[in-house]
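The structure appears right after this line, and notes come after that.
The values are calculated or read from the model by the stated rules, or taken from the named source; none is laboratory data. Everything numeric here is computed off the predicted structure, so don't read it as measured data. Cβ sites come from the backbone with ideal geometry, for glycine too, and all protein chains shown count toward neighbours.
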Amino acid sequence: MKKEFSQEEMEQILKKDAVIPASVDEKIKETYERLGLTAAAPEGQDKGSASEKTRPFRMKKKKVWVTIAAAAALTAGLGITAFAVNQLLKVDLPEKDGTLAYNVSVDPEAKEAHAVTSSPTYVPEGYEYHEDGPYGGKWHNDTTDGTMSIITHNAADLYLMTQTGGGTTSQIDKNDYIKTIEIGGMNVDVFSSDSIYTDDDTIRQDVVLTNEEYGYMIQVSLDGPDLADDEALKVAEGLDIQVSDETVPYADDEEIAKIKDGQTADFDSAYDSSLFYNVGDVITDPQDKENKTEFKVTDVRLADSLPLDQFPKENYVPDYDSTVAPLLNEDGTLKSHERYSPASDSLSKEDLETADSKFIIATVEITNTGDSSTKEYITPMLEYLSTDGDGSYTRFSVQSASAAYQALSVDGEPLYQSVQQYTDNQKQHVRFAEIGAGETLECTFAWVVDDDCTDNAYLSFFDMYGGMTNSYPRVKVAE
């Protein structure tokens with residue numbers, strides 16, 4: 001399937017460190033931390049700017065969904081929008097070719113943006129709020145593994161997002177739309193959908209509330225098995241929404257221009273041939289010359305299995321017994337699995353096909369050439385690139401139809417990692433490691449790859465966001 005930008009990816013677009021001044025960087029950081037879109041670095045690590053050591057928190061994906069933050073980006077460059085008197089926000093949900101997409105416009109001249117908070121007075125049974133950890137800022141049902149989130153966007157948030165949109169987002173299937181109602185003068189859209197996975201009975205419900213007068217949007221997202229109809233709507237109806245006297249400044253033209261310049265430089269650039277490395281090459285950070293960390297792939301190979309005497313259970317990131325072992329044959333090879341055809345733009349179950357898989361094994365040396373210890377993100381990311389032979393590349397993704405199989409490799413992260421220093425909170429920060437001055441860590445990683453994608457597989461480095469730019473160093477897996 002073609003690459004589509006998720007909320008996390010749209011967030012990363014706004015965080016290019018080379019082009020964002022400190023004031024803008026801090027504004028973006030505060031906005032996304034408040035919305036719960038990032039996870040903190042390991043304890044004791046200096047977070048620095050929004051573009052430094054904070055990695056978007058990647059939960060187990062149950063449904064491809066476009067959030068308001070990403071949807072707002074669709075309106076960038078759409079031209080003039082007509083607003084009613086004193087109307088701060090205008091939102092439309094047009095249909096095209098069987099899909100829906102929000103058009104969001106903010107008029108900063110109409111009135112000031114105010115801070116807005118929302119909290120539920122009704123929470124479905126079994127869902128408990130988590131302050132931190134893997135479900136930080138969300139409600140989680142430990143029995144069903146269901147989650148609930150409530151994200152509030154004030155007018156300044158939405159304005160920044162609409163003005164800095166740089167790509168397309170995933171669309172909402174028309175069949176997921178249930179109804180539109182009114183609550184307290186607000187327009188409320190209700191959606192419900194089944195899981196994209198054939199082995200998962202999760203139901204996803206989303207409710208989007210729009211207040212055009214005060215310029216805010218709120219999205220209630222609830223998932224779990226056997227949800228009662230309109231359960232998320234019941235949460236939305238009981239929201240305690242507070243519009244504060246505190247105002248929030250809109251990003252000015254200079255701030256917006258700097259962010260957009262960074263986006264253009266990133267996404268319009270071709271892949272730099274000098275950033276494709278071979279096994280044995282020393283790889284340095286092309287974007288941060290002050291970074292003293294070096295990578296070197298000493299070996300990369302394909303394997304049919306990972307014998308436990310060579311790859312012990314404790315080095316798997318997902319739990320081996322409950323997550324990995326059920327997907328293996330008796331000889332340790334991976335069972336066949338269903339996936340959505342990479343040649344299709346949709347996630348229609350009519351496009352399901354069966355695929356066989358292998359493991360990619362890479363041994364990597366990570367060296368701190370500096371004179372002081374550092375905590376670094378050490379994990380190479382797996383991505384897929386196709387080429388038409390003229391030197392140009394196109395990124396594509398492979399979506400499994402099995403939730404169990406998809407859990408083996410979330411967003412290109414390896415399922416096996418021999419160096420694991422931070423293992424608390426379900427290994428939330430296991431991708432980081434502390435490296436002493438002059439020290440070299442040797443780490444073995446393993447990923448799952450479909451047989452017909454091995455020629456398209458690359459490992460990317462210094463890439464905390466999963467192949468979102470063309471300017472990260474890469475090593476081809478199969479030469």
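So that you can scan it fast, the table gives a plain yes or no per residue for (1) in the same structural domain as Tyr472 (by TED's automatic domain parsing); (2) surrounded by fewer than 16 Cβ atoms within 10 Å (Cβ to Cβ); (3) among the polar types (S, T, N, Q); (4) touching a Gly at 6+ places or on another chain (Cβ under 7 Å):
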residue	(1), (2), (3), (4)
Glu383	yes, no, no, yes
Thr387	yes, yes, yes, no
Gln399	yes, no, yes, no
Ala403	yes, no, no, no
Gln406	yes, no, yes, no
Gln421	yes, yes, yes, no
For this session: Say whether the condition of being assigned by TED's automatic domain parsing to the domain that holds Val248, within 25 Å of Asp252 (Cα to Cα), of a type outside the set (Gly, Ala, Ser) and touching a strand residue (DSSP E or B) at 6+ places or on another chain (Cβ under 8 Å) is met by at least one residue in the stretch 115-131.
Result: yes
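For the structure I just gave you, tell me whether Glu255 is outside the structural domain of Glu338 (by TED's automatic domain parsing), farther than 30 Å from Leu459 by Cβ, in contact with a helix residue (DSSP H, G or I) (Cβ under 6 Å, 6 or more places away or on another chain) and not in a strand (DSSP E or B).
Details: outside the structural domain of Glu338 (by TED's automatic domain parsing): yes; farther than 30 Å from Leu459 by Cβ: yes; in contact with a helix residue (DSSP H, G or I) (Cβ under 6 Å, 6 or more places away or on another chain): yes; not in a strand (DSSP E or B): yes.
Yes; evaluated as a whole, the condition is true for this residue.
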Exercise. Is the stretch 427-436 home to any residue that is assigned to a loop (DSSP other than H, G, I, E, B), closer than 26 Å to Ser273 by Cβ and either of a type in the set (Lys, Arg) or modelled with pLDDT of 95 or more (or both)?
Worked result: no
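List the strands (runs of 3 or more DSSP E) inside the stretch 112-231, counting only whole elements, that have at least 1 residues being without any contact (Cβ under 8 Å) to a residue 60 or more places away in the chain and in contact with a Ser or Thr (Cβ under 7 Å, 6 or more places away or on another chain). Can you show your working first?
Details: elements: 113-120, 127-130, 138-141, 146-153, 177-183, 186-194, 202-211, 216-225.
Filter on the stretch 112-231 gives 138-141, 177-183, 186-194, 202-211.
Go through the stretch 183-230 and give me each residue that's over 30 Å from Pro108 (Cβ atoms), of a type in the set (Asp, Glu) and either touching a helix residue (DSSP H, G or I) at 6+ places or on another chain (Cβ under 8 Å) or surrounded by fewer than 19 Cβ atoms within 10 Å (Cβ to Cβ) (or both). Lay out the reasoning, then the answer.
So the first thing to find is which residues in the stretch 183-230 are over 30 Å from Pro108 (Cβ atoms), and the list is 192-205, 222-230.
Applying the additional criterion that residues be of a type in the set (Asp, Glu) yields 194, 199-201, 223, 226, 229-230.
Matches in the stretch 183-230: Asp194, Asp199, Asp200, Asp201, Asp226, Asp229, Asp230.
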Exercise. Does Thr394 meet the test of being among the β-branched types (Val, Ile, Thr) and more than 18 Å from the chain's Cα centre (by Cα)?
Worked result: yes
